[in-house]
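J.: Provided herewith is a single structure, encoded as structure tokens, for subsequent inquiry.
The values are calculated or read from the model by the stated rules, or taken from the named source; none is laboratory data. It should be emphasised that the depicted structure is a prediction, and the values quoted were computed from it without experimental measurement. Positions of Cβ are backbone-derived with ideal geometry, glycine not excepted, and every protein chain shown enters the neighbour counts. To get the accessible areas, we keep the full protein, side chains included, count just its heavy atoms, and leave off ligands, DNA and RNA. Shrake-Rupley method; radii C 1.70, N 1.55, O 1.52, S 1.80 Å.
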Amino acid sequence: MSRAWEIAREGQKKFGGKVKEYFVESLRIAWKEAKAVKETTVEDVETYINSVMKSDSYSVNYWAKYGKERLYVNYYTGSGYRKKQGFLELQNGVIVAQERGAYTPVTKAFWRFKNAKINA
């Protein structure tokens, strides 16, 4: 929604009139942008999670076996103990789902990178 309002404001600045007059078309444009497949890397996902959690204790690992692809998010305590935090499900390298009940970093990463193609 925020991107749609940005587009509507740009239209209003360029062509004049009221912002709400541009909103319907800006929603269509923003939706197309959101659905477009973006490319990213495992490192980008890891960097994002660490920045959101204000920590460098998270790692993201790509895993592919038995016809499944996943990005596992792990948390490392100060003593080096690893705790699984959840995973993102991939189909043909594109993030499509998250583990239900997943911890906050996984949820935030899912919404940030949903429909992004991972270059592993």
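J.: Just the residues that are over 16 Å from residue 60 (Cα atoms) and either touching a Cys at 6+ places or on another chain (Cβ under 7 Å) or at pLDDT below 85 (or both), please, taken from segment 78-107.
T.: Within segment 78-107, 78, 79, 100, 101 meet the criteria.
J.: I need the full set of residues from segment 38-56 which are open to solvent by 90 Å² or more (accessible area, probe 1.4 Å) and touching a helix residue (DSSP H, G or I) at 6+ places or on another chain (Cβ under 6 Å), in order please.
T.: 56
J.: Output the number of residues of segment 42-57 satisfying the condition of being outside any helix (DSSP H, G or I) and modelled with pLDDT of 90 or more. Spell out the reasoning first.
T.: Pass one, segment 42-57, residues outside any helix (DSSP H, G or I): 53-57.
Among the residues that remain, those that are also modelled with pLDDT of 90 or more are: none.
The number of residues fulfilling the criteria is 0.
J.: Filter segment 11-63 down to the residues that are free of Cβ contacts under 8 Å to residues at least 60 places away in the same chain, in contact with a Leu (Cβ under 8 Å, 6 or more places away or on another chain) and of a type in the set (A, V, I, L, M) and list them by number.
T.: 60
J.: Looking at residue 61, is it open to solvent by less than 90 Å² (accessible area, probe 1.4 Å) and within 27 Å of residue 7 (Cα to Cα)? Outline the logic, then answer.
T.: Numbers: open to solvent by less than 90 Å² (accessible area, probe 1.4 Å): yes; within 27 Å of residue 7 (Cα to Cα): no.
For residue 61, the condition - open to solvent by less than 90 Å² (accessible area, probe 1.4 Å) and within 27 Å of residue 7 (Cα to Cα) - is not met.
J.: Please find, within segment 20-37, the residue that is farthest from residue 72 (Cα to Cα) out of those that are in contact with a Lys or Arg (Cβ under 7 Å, 6 or more places away or on another chain) and open to solvent by 40 Å² or more (accessible area, probe 1.4 Å).
T.: The qualifying residue farthest from residue 72 (Cα to Cα) is 33.
J.: Right, next: Hey, which of the strands (runs of 3 or more DSSP E) in segment 58-120, taking only ones fully inside, have at least 2 residues that are in contact with a Phe, Trp or Tyr (Cβ under 9 Å, 6 or more places away or on another chain) and polar (S, T, N, Q)?
T.: 58-65
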